[in-house]
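A short reminder: the numbers here are calculations on the coordinates, not readings from a lab. Small disclaimer: the values here were computed from a predicted structure and weren't measured. Quick reminder, even Gly has a Cβ in these numbers, built from the backbone with ideal geometry, and neighbours come from all protein chains shown.
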Amino acid sequence: MSDFNSNASRWGSGAAQAGAAARIDQGLRSYMLGVYNYMTTGLALTGAVAYGTHLVAATPFGQAVQQGPIHWLVVFAPLAFVMYFSIRINQMSASTARMVFLAFAAVMGLSLSTILSVYTGPSVARAFFITSATFGGLSLYGYSTKRDLSAFGSFLVMGVIGLVIASVVNMFMQSGVFQFAISVLTVLIFSGLTAWDTQSIKESYYAADSAEDATKKSIFGALQLYLDFNNIFMAMLNLTGDRD
């Protein structure tokens, strides 16, 4: 009888652990789905604003955004949003974080509106679909792999810093060959970041988080993946795009 009770106890403990694991797994899937939903919403908003701005390019507003004195403000505004978001995320409410992210995506759309005047529509669509397939595969790898990708983190961050410096230098050099090399490295580095960020976002999930904290984490994760996607897309467009 004691053996039966002991076995029953072990079985009950195992069932409880399995139930807890199932709840965590379900919660993780919901959390990651929220991240991707926010990211997709941001990309859709960026595309809509970019296209709308392109359509009114002949108006004073469109000319001011693409060529006028506020052009550089529009270009650098997304960077200011990212810095503010990264510094203040812990002090924001979830609703504020959501609004800041959407405002960032809209401003990014203004910033990217000029690409529709530089590249043909089919080449923009082609670069987008190539980027989507690349991003999807790498994000899936980052989510599912058992390999710890954190060892690549410092290397990839250093690579991003190198890309920023190289891009600034090429603003003065205006070298097509140098720009081509920068674009290739951008695709490679942000492809690695896509997998690494996805794994980091997955590991940031904690079942005991409040709904508020979980939402803020998912929005910040969406921002990270949005930036990875956007950088790959712009580099891919530079490599494969046909100019008007």
Any idea how far the Cα center of region 62-136 sits from the one of region 192-244, in Å? 14
Charge dipole magnitude, Cβ of K and R +1, D and E -1 - region 2-240, Cα centre, debye nearest 20: 140
Once residue 158 and residue 56 are pulled to full extension, the length gained, defined as 0.36 nm per residue separation minus their Cα-Cα distance, is 32.8 nm
Per the helix-only model, the chain has a calculated mean residue ellipticity at 222 nm (DSSP H runs of ≥4, -39500 (n - 2.57) each, divided over all residues, rounded to the nearest 500) of -29500 deg cm²/dmol
Modelled FRET efficiency - R0 45 Å, residue 120 with residue 140, Cβ distances, 0.05 increments: 0.90
Which is the longest part of the chain that has none of the trypsin sites (Lys or Arg not before Pro) sitting in a DSSP loop with at most 16 other Cβ atoms within 10 Å? 1-145
The set of residues whose placed amide H lies less than 5 Å from the amide H of residue 119, leaving out same-chain residues fewer than 5 positions away, is 244
Along the Cα→Cβ direction, 7 angstrom out, place labels at residue 76 and residue 26. What is the inter-label distance in nm? 5.0
Under the 7 Å Cα-to-Cβ spin-label approximation, residue 180 and residue 165 lie apart by a distance in nanometres of 2.4
Here FRET efficiency (C-beta to C-beta, residue 67 to residue 213, R₀ 51 Å, nearest 0.05) is 0.75
Assuming 0.36 nm per residue, please report the length gained on full extension of the stretch residue 200 to residue 173 beyond their Cα-Cα distance. 6.1 nm
